[in-house]
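To start, the structure itself, in structure tokens.
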Amino acid sequence: IDKTGTVTEGKPSVEKVVSADPNLTERDVLEKIVALNNSSEHPLAQATLRYGQENKIDIKPVSNFEAITGKGVMGSLEAEKLALGNQKLMEHIKATIDPELEGQVRTAQKQGKTVSYLAVGNRAVGFVVISDKIKPSSADAIRKLQNEGIEVIMFTGDNEDTARAVSETLRLDGFKAQMLPEDKLNEIRKLQNEGKKVAMAGDGINDAPALSQADIGIAMGTGTDVAIQSAAITLVKGDLNGIAKARLLSHKVMANIKGNLFFALGYNILGIPVAAGVLYPFFGILLSPMIAALAMSFSSVSVILNSLGLRKAKID
């Protein structure tokens, strides 16, 4: 399973913006963050834009904008080169991070928050803390799947501390953090090579390759069109409980199919030998064409009635 929008509500909100540069106020940092994110479609970016609107921040134009998948965004604001993203992005641009600033970030991450650094040039000058509540239904859905013997592992592009906090809260069987789209894809291939059947649930563009590779791709109906098109199943309400329901329904469907085969083949197995005259030498019994036709009708009716029983199947 993915984290943001799958386990969590996918409605991130900004908790606070922090400046680590004495020459920059928190409002200055927010202005740069909003300017960068104005060109991004990521849910976290939209959260900062809403926060900017609430604080009446004017959006300044950014040039040379670039979105780096799984890391963050970059661009130029006037004469400054800006970068907003995770630890991997800071490493990518070789930005220096003050130990005190890094300590503050780690504290927020251990609480399950998502933190994006803001770098001006090659120095981190602040960060934004974003929270996204875990869906009330997630824990219950995960427990149901685990009780059926299914391992539930979280793949997320978020940092190690945030991922660990969410994993411990939900009591997952494991997690992998700071994953790029290709990392999720490769991890699923690895599990499949071990002989495991893998279902992947996600909602974002970053999840699309993994959804396509999995034996069963499950998209959140509240997610992106790309994810939905890449998946075999779409949970319209974006609720993980839908996975447990779909699994239970599939078992009932298979049981129904086996029942239908019994009804269909049972009539034929009994009727064909009788119609062929197997009983005639011993008992003088032949099967009237009318009775044969009636038996075939009963066969069809039995299959239909058995199938209609699925309407009353309890999958809650």
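The values are calculated or read from the model by the stated rules, or taken from the named source; none is laboratory data. Note that the coordinates shown come from a computational prediction; the quantities given were computed from them, not determined experimentally. Positions of Cβ are generated from backbone atoms using ideal geometry, with glycine treated the same way; all protein chains shown enter the neighbour counts. These accessible areas exclude ligands, DNA and RNA; they are computed on the full protein's heavy atoms, side chains included. Shrake-Rupley method; radii C 1.70, N 1.55, O 1.52, S 1.80 Å.
Picking from residues in the stretch 69-107 that are of a type in the set (A, V, I, L, M) and more than 20 Å from Gln46 (Cα to Cα), the one that is surrounded by the fewest Cβ atoms within 10 Å (Cβ to Cβ) is Ala79. Would you confirm, using the coordinates I've provided, whether Lys94 is out of contact with any strand residue (DSSP E or B) (no Cβ under 6 Å at 6 or more places or on another chain), outside any helix (DSSP H, G or I) and not aromatic (Phe, Trp, Tyr)? Against the criterion (out of contact with any strand residue (DSSP E or B) (no Cβ under 6 Å at 6 or more places or on another chain), outside any helix (DSSP H, G or I) and not aromatic (Phe, Trp, Tyr)), Lys94 qualifies. When the stretch 185-211 is limited to residues that are touching a residue at least 40 places away in the same chain (Cβ under 8 Å) and over 20 Å from Ile130 (Cβ atoms), the one that is most open to solvent (accessible area, probe 1.4 Å) turns out to be Ala199. So Leu286 fits all but one of (1) in a helix (DSSP H, G or I); (2) over 30 Å from Ile142 (Cβ atoms); (3) open to solvent by 100 Å² or more (accessible area, probe 1.4 Å); (4) not acidic (Asp, Glu); what number is the exception? Checking Leu286 against (1) in a helix (DSSP H, G or I); (2) over 30 Å from Ile142 (Cβ atoms); (3) open to solvent by 100 Å² or more (accessible area, probe 1.4 Å); (4) not acidic (Asp, Glu), the one that fails is (1). Just so you know, in the stretch 5-26 the residues that are in contact with an Asp or Glu (Cβ under 7 Å, 6 or more places away or on another chain) and open to solvent by 40 Å² or more (accessible area, probe 1.4 Å) include one that is modelled with the highest pLDDT, and it is Ala20. Would you be able to say whether some residue in the stretch 127-142 is surrounded by fewer than 20 Cβ atoms within 10 Å (Cβ to Cβ), without any contact (Cβ under 8 Å) to a residue 40 or more places away in the chain and under 24 Å from Lys110 (Cβ atoms)? Yes.
Counting just the residues of the stretch 1-46 that are part of a strand (DSSP E or B) and more than 19 Å from the chain's Cα centre (by Cα), which one comes out farthest from Leu240 (Cα to Cα)?
Taking the stretch 1-46 and keeping what is part of a strand (DSSP E or B), we get 8, 13-19.
Imposing the further condition that a residue be more than 19 Å from the chain's Cα centre (by Cα) reduces the set to 13-19.
Numbers: Ser13: 22, Val14: 25, Glu15: 26, Lys16: 29, Val17: 32, Val18: 34, Ser19: 37 Å.
In this case the residue turns out to be Ser19.
Is it true that some residue in the stretch 39-52 is over 30 Å from Ala201 (Cα atoms) and not hydroxyl-bearing (Ser, Thr, Tyr)? Write out each step before concluding.
Of the residues in the stretch 39-52, the ones over 30 Å from Ala201 (Cα atoms) are 52.
Narrowing further to those that are not hydroxyl-bearing (Ser, Thr, Tyr): 52.
Looking through the stretch 39-52, at least one residue is over 30 Å from Ala201 (Cα atoms) and not hydroxyl-bearing (Ser, Thr, Tyr).
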